[in-house]
Amino acid sequence: MAKRFMTIAEFSTETGLPRPTVRNLVRDSKLRGTKVGRAWLIPADEVDRLAALADGRIESA
């Protein structure tokens, strides 16, 4: 099964966070992401991890 990735814009739409906030979270290593060319790709499971962080169920790295 192929791993699903989202762009910053897609992640922003999915979470309701502004694009600059998502970009800053990736840049500050609070969200996992991979830079491919000029684009950042974020694993889709980061949506769940971000929700768990917000709920206090897990601590940030």
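The values are calculated or read from the model by the stated rules, or taken from the named source; none is laboratory data. The shown structure was predicted, so the numbers you read here are calculated from the model rather than taken from an experiment. Note that each Cβ is placed from the backbone with ideal geometry, even for glycine, and that neighbours are counted across all protein chains shown. Surface accessibility is based on the protein's heavy atoms, side chains included, excluding ligands, DNA and RNA. Shrake-Rupley method; radii C 1.70, N 1.55, O 1.52, S 1.80 Å.
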**OP:** Search the structure for amide H atoms under 5 Å from the amide H of residue 6, placed 1.01 Å from N in the peptide plane, and list their residues when 5 or more places away or on another chain.
**Re:** 42, 44
Original post:
Among residues other than residue 12 whose Cβ falls under 15 Å from its Cβ, what is the net charge (Lys/Arg +1, Asp/Glu -1)?
Top reply: +1
Original post:
How much of the accessible area of the chain, in percent, comes from carbon and sulfur atoms when a 1.4 Å probe is used?
Top reply: 51 percent
Subject >> Solvent exposure of the chain as accessible area per residue, Å², 1.4 Å probe >> reply: 74 Å²
Subject >> Taking the C-alpha atoms of the chain, convex hull volume expressed per residue in Å³ >> reply: 90 Å³
